[in-house]
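Worksheet: one structure, shown below.
The values are calculated or read from the model by the stated rules, or taken from the named source; none is laboratory data. Keep in mind it's a predicted model, so treat the numbers as computed, not measured. Glycine also receives a Cβ, built like all others from the backbone with ideal geometry; neighbour counts cover every protein chain displayed. For accessibility, only protein heavy atoms count, side chains too; no ligands or nucleic acids. Shrake-Rupley method; radii C 1.70, N 1.55, O 1.52, S 1.80 Å.
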Amino acid sequence: MSIDSYNRGSQQYTGVIDDEGDISVGTRTLQPGPGSYTWSNLSDNANAPENACDITVTEQGNTLNVQVITTTGTVVETFCNVPGNELECTAPWTGVVPQPPA
């Protein structure tokens, strides 16, 4: 299992890999107090890895980047659009180029 969060102003983005290897990313507001998460399952996106073991999330402008590393050391990523405070996560997973050295 793995978790990572990124805050931008009053918005929080959290990536999670659960004990079954499912990859999800959620968003919630932090002001005036933490709100409820809205989750997107990224395991259904094309080319999703079945052996993800660690996750990281970052955001730039209106794009959320989700990267995972697999148990075999492959790094893959996908991108979500962030119109307003919503997430649109339908892009396929792709390997980063070049891959990190073994």
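Just the residues that are of a type in the set (Val, Ile, Thr), open to solvent by 30 Å² or more (accessible area, probe 1.4 Å) and either out of contact with any strand residue (DSSP E or B) (no Cβ under 9 Å at 6 or more places or on another chain) or touching a residue at least 24 places away in the same chain (Cβ under 8 Å) (or both), please, taken from segment 46-67.
Once the filter is applied, which keeps residues that are of a type in the set (Val, Ile, Thr), open to solvent by 30 Å² or more (accessible area, probe 1.4 Å) and either out of contact with any strand residue (DSSP E or B) (no Cβ under 9 Å at 6 or more places or on another chain) or touching a residue at least 24 places away in the same chain (Cβ under 8 Å) (or both), segment 46-67 yields Thr56, Thr58.
Quick check on this structure: which one of Ser43, Ser5 is outside any loop (DSSP other than H, G, I, E, B), open to solvent by 30 Å² or more (accessible area, probe 1.4 Å) and at pLDDT 95 or above?
It is Ser5.
Please specify each residue of segment 8-34 satisfying the condition of being open to solvent by less than 20 Å² (accessible area, probe 1.4 Å), under 20 Å from Trp93 (Cα atoms) and not hydrophobic (A, V, I, L, M, F, W, C).
Listed by number, the residues that qualify are Tyr13, Thr14, Gly15, Gly21, Gly26, Thr27.
For segment 68-88, which residues satisfy the criterion of being at pLDDT 95 or above and surrounded by 19 or more Cβ atoms within 10 Å (Cβ to Cβ)?
Passing the criteria: Val68, Ile69, Val76, Thr78, Cys80.
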